[in-house]
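Participant: One structure follows; several queries about it will come next.
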Amino acid sequence: MVLRLLEIKEHLKGFYEKYGAYIRILLKFVTTFILLIMINSEMGYSGLFNNILIVAGLSAIAALTPEAVQILVIITVTVVNAYNIAPILAVVYAAVYIIIYLLFVRYEMKQAYVILAIPALYVLNIPYAVPILAAIFLGPVSIIAIVTGTILYYMFHSVSVIAGISDTTGVSNTINFFNMLIDDIFSNRYMVVSGIIFSAVFLIVYIIRRQKIRHATDFAIIIGVMVSIISFLSVSAFVENENSVFGILAGTVASGIIAYVAQFFRMSLDYSGTKNIQFEDDEYYYYVKAVPKLTVATPQKQVKRINAQKPTGNTANIADIINHEMYDRDKE
């Protein structure tokens, strides 16, 4: 079974190396399209972006341009939707995105994807995968991005709820809207606890997967999933939230499976071939433990000639005939 999975992994790697550029374009299109649909479903106050053709066109633009344009498209759609609720809210959203850009995007684009992944995966009920995957692939600075993404999701959620019950026309109504929004965000204890749990899960997974033990990353994923389940179930018993017990269990288990599959395709180690190596140079003596990566050679296709003509006893070598004729001419 493992060998079969490794063969599939090698085939997929070869396919990606051959068609990587097209796959990246397709992935950017799909992710942008899903994010825009989710933003419109949560906010949806701009009739312009409710047109599926416009959403597909913006997704195509984001897919064919650099990553910064993809982020800009998502920000633009969010700000325009916010403007249709209240112009001052659009200014607030724009200020938030500028701060995020200055903190993350200008230095490391991957952290921007972590921030956007939290709200997107909340809709799919698998936000628990983000801290685990970030701990496997990224560094400790991702904690800030995870907390920022969590706050951003609950901010979107509060805006959509309050906008549905509050009138934002007029200065007094707008002020009332913002008072309700700020009260809702700062009184949301589940948001605060979620950010703390996500940060704790990240640290646990990150610390364990860096230990010098066999299957460290696998243990880190399992422990991270268990901590998420226990923590969120415990908090749900005391803090009011929208997630059911089954939703938490299903979401965390699915997140663990996603993280394990991602780790398998990232790196698989063959601990049976571990070697302890010692060598030295002019200044140091080194003790090194080398663990080979688990790989398998993909079977090569062999072409078998079925109707190949078999040589007969009367078949002559053409090269010998030509050499013989040239020899006879030289004698003459």
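Participant: Probe of 1.4 angstrom, ligands and nucleic acids ignored: what's the accessible area per residue over the range 189-245, in square angstrom?
Facilitator: It amounts to 57 Å² per residue over the range 189-245.
Participant: Right, here's the next one. In a shell of Cβ-Cβ distance under 13 Å around residue 259, excluding residue 259 itself, what net charge do Lys and Arg (+1) and Asp and Glu (-1) give?
Facilitator: +1
Participant: Restricting everything to alpha-carbon atoms, can you work out Rg to Rh for the range 209-268 with a Kirkwood hydrodynamic radius?
Facilitator: 1.08
Participant: With every protein chain kept in the model, how would you rank 156, 279, 33, 186 by accessible area, 1.4 Å probe, largest at the top?
Facilitator: 186, 279, 33, 156
Participant: Using each residue's phi in the range 133-148, evaluate 6.51 cos²θ - 1.76 cosθ + 1.60 at θ = phi - 60° and report the 3J(HN,Hα) Karplus result to the nearest Hz, with x for Gly and Pro.
Facilitator: 5, 5, 5, 7, 9, 10, x, x, 4, 5, 4, 5, 5, 5, 5, 4
Participant: Accessible area per residue of the range 50-135 at 1.4 Å probe, in Å²?
Facilitator: Dividing the accessible area of the range 50-135 by its residue count gives 45 Å².
Participant: Expressed as a whole percentage, what fraction of the accessible surface of the range 34-143 belongs to carbon and sulfur atoms when a 1.4 Å probe is rolled over the protein heavy atoms?
Facilitator: 75 percent
Participant: To continue, here is another question. Return the sequence-ordered ³J(HN,Hα) values of the range 24-36 in whole Hz as given by the Karplus equation 6.51 cos²θ - 1.76 cosθ + 1.60 applied to θ = phi - 60°, using x for Gly and Pro.
Facilitator: Those phi angles translate into 5, 5, 5, 5, 5, 5, 5, 5, 5, 4, 5, 4, 5 Hz.
The values are calculated or read from the model by the stated rules, or taken from the named source; none is laboratory data. Note that the structure is predicted; figures quoted are calculated from it, not measured. Counting neighbours? That spans all protein chains shown, and the Cβs are built from the backbone with ideal geometry, glycine included. Note: areas computed on protein heavy atoms with side chains; ligands, DNA, RNA excluded. Shrake-Rupley method; radii C 1.70, N 1.55, O 1.52, S 1.80 Å.
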